[in-house]
Amino acid sequence: MKFNRRHVLIGAGAALAAPALIGRAAAQQGQTVRMLSRSHFVPEYETWLKELAAKFEAETGIQVISDHIAQAELAVRYVSEVSSQQGHDIVELIDPFTLLPVYADQLADVSDIAEDLGARNGGWLPVAENYTKVGDTWKGVLNYYIDHSACYRRDLFERIGAEVPQTWQEVLEAGVKLKEIGHPVGMSFARGADSTANFNCLLWAFDAAWISPDGADITIVSPETKAALEFTKELYERAMTPEVLSWDDSGNNRFMISGRGSWTLNAPSVYKTAMAQAPDIGQHIFHTLPPAGPNGTRVNYSMVYGYGIWEFSPNIEASKRWLTYLVDNWMSSYPAVVGYNYPGLRDHAAQIGPVLAEDPHIADLVGIPEISQPNGYPGPISKTAAEVAATYVLPDMFLRSVRSGDADEAMAWAEGQIREIQARQGA
């Protein structure tokens, strides 16, 4: 099979395998496991992967061919592989596209290795269980997730005599003053991954959600949602400028790196890019946890990257051994991706603090793992959650409210959209 993409051949063998799989090691020697992932935005991560796999190969000789393509191309490739029932053995499951629920019935049960990994590493964090577990069955193993943290110019907040904002109300109060001195706050309202993350974070902070925990009820119409919409309209009008209504996913990055922006929501790529391109600005950029709402609720919207194994794979057991080894060695990858990748296992989460603390610009992010949740929270993972994200229902609701000033109409519209999706998906 030929691919129009970068191709990396890496070998792998088994080490630190789950006990239930060790007895099958001899039978798996000489097998080839094929894995499909997105191209990671940190090249050093793929270098680490290749080096880890080389150690893995030296122990048993199981070969792993790891293909990397653009993230946007993955969904098309999965449709093709499911249709033909052949292709790769292991596939990356990505949120906010939420591919796991879309393909859950085509994924092998990996509960044995997931439960073993959890038992040996302090258990899985909620973000891991909520994304990769369907009912009582693990359909994937979380590899990492990305934060959507608050990003701010410390020097500008000091100029107006404000502390680092810990709540949305504090963002508003400081934002009004910052806009007056020519440094507004900003976050994208236009359709994109960033706006999806922005408005999930904000909605959750106001104790609102579009779905009930059991997935049975659509709950978008509520006093909490209305409060979030009305607050956002005030934040936009008093502390932002109209450009945010049409930003693409790099709009807020440009905003901060230009020196004009004072606050946004984004992963630490803003700080790291600024240090490379405009260090005079970058030295003043810091990241902290996303803001809390009126009752102190603070949730990080996580863009989740896990791995699943096709049920039609002829190499399921060898694939499980590779994934076990990969997750067991997760911490050795962290120096290359500090501030980008976050762990799913509690013991790993407890170890990232000292590494983050080496850079005061991102040290506050040590709290990200405990407050992280995937798309669709607090409901169960579902095809409805996938389509709600893919069709940008939440960003569109907030945009409608800001433009019309009618929060009730925006909520009613969103409820109608979600009910149509739920009826179509049947879940």
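The values are calculated or read from the model by the stated rules, or taken from the named source; none is laboratory data. Every value quoted in this text rests on a predicted model; they were computed, and no experiment measured them. Please note: Cβ atoms are built from the backbone with ideal geometry, for glycine as well, and neighbour counts cover all protein chains shown.
Name the residue, out of Leu99, Leu142, Leu125, that is modelled with pLDDT under 95 and within 30 Å of Leu265 (Cα to Cα).
On the way: Leu142 fails: modelled with pLDDT under 95; Leu125 fails: modelled with pLDDT under 95.
Residue meeting the stated conditions: Leu99.
Quick check: anything in region 108-128 crowded, with 19+ Cβ neighbours inside 10 Å and free of Cβ contacts under 8 Å to residues at least 40 places away in the same chain? The answer is yes; a qualifying residue exists.
At least 2 residues being farther than 30 Å from Val270 by Cα is the threshold, and among the helices (runs of 4 or more DSSP H) wholly inside region 319-427 those reaching it are 383-390, 407-425. Quick check: anything in region 94-102 assigned to a loop (DSSP other than H, G, I, E, B), of a type outside the set (A, V, I, L, M, F, W, C), over 19 Å from Ala197 (Cβ atoms) and within 18 Å of the chain's Cα centre (by Cα)? So far as region 94-102 goes, no, none of its residues is assigned to a loop (DSSP other than H, G, I, E, B), of a type outside the set (A, V, I, L, M, F, W, C), over 19 Å from Ala197 (Cβ atoms) and within 18 Å of the chain's Cα centre (by Cα). Test Ala274 against the stated conditions and say whether it is in contact with an Asp or Glu (Cβ under 6 Å, 6 or more places away or on another chain) and surrounded by 21 or more Cβ atoms within 10 Å (Cβ to Cβ). Considered against the rule, which asks whether it is in contact with an Asp or Glu (Cβ under 6 Å, 6 or more places away or on another chain) and surrounded by 21 or more Cβ atoms within 10 Å (Cβ to Cβ), Ala274 comes out as no. Screening the candidates Ala336, Ala292, Ala389 for the property of being out of contact with any Asp or Glu (no Cβ under 8 Å at 6 or more places or on another chain), surrounded by fewer than 23 Cβ atoms within 10 Å (Cβ to Cβ) and either among the aliphatic types (A, V, I, L, M) or at positive phi (or both) yields one hit, Ala292. Here the helices (runs of 4 or more DSSP H) wholly within region 148-248 that include at least 2 residues being touching a residue at least 24 places away in the same chain (Cβ under 8 Å), surrounded by fewer than 23 Cβ atoms within 10 Å (Cβ to Cβ) and touching a Gly at 6+ places or on another chain (Cβ under 8 Å) are 223-239.
Every test in (1) over 24 Å from Asn375 (Cβ atoms); (2) buried (at least 22 other Cβ atoms within 10 Å of the Cβ); (3) within 23 Å of the chain's Cα centre (by Cα) is passed by Ala53 save one, and that test is (3). Contact map, region 375-401: residues that are closer than 16 Å to Ala205 by Cα and in the same structural domain as Phe189 (by TED's automatic domain parsing) paired with residues that are outside any helix (DSSP H, G or I) and not hydrophobic (A, V, I, L, M, F, W, C), Cβ distance under 7 Å, separation 6+ or inter-chain. Pairs shown: Pro395/Arg191. Here Trp413 meets the list (1) touching a strand residue (DSSP E or B) at 6+ places or on another chain (Cβ under 9 Å); (2) surrounded by fewer than 22 Cβ atoms within 10 Å (Cβ to Cβ); (3) not aliphatic (A, V, I, L, M) almost entirely, failing just condition (1). Inside region 126-159, residues that are touching a His at 6+ places or on another chain (Cβ under 9 Å) and either aliphatic (A, V, I, L, M) or within 19 Å of Pro290 (Cβ to Cβ) (or both) make up a count of 8.
Find the residue count for region 35-84, including only residues that are free of Cβ contacts under 8 Å to residues at least 24 places away in the same chain and either among the small types (Gly, Ala, Ser) or touching a helix residue (DSSP H, G or I) at 6+ places or on another chain (Cβ under 6 Å) (or both).
Residues flagged as free of Cβ contacts under 8 Å to residues at least 24 places away in the same chain and either among the small types (Gly, Ala, Ser) or touching a helix residue (DSSP H, G or I) at 6+ places or on another chain (Cβ under 6 Å) (or both) within region 35-84 amount to 4.
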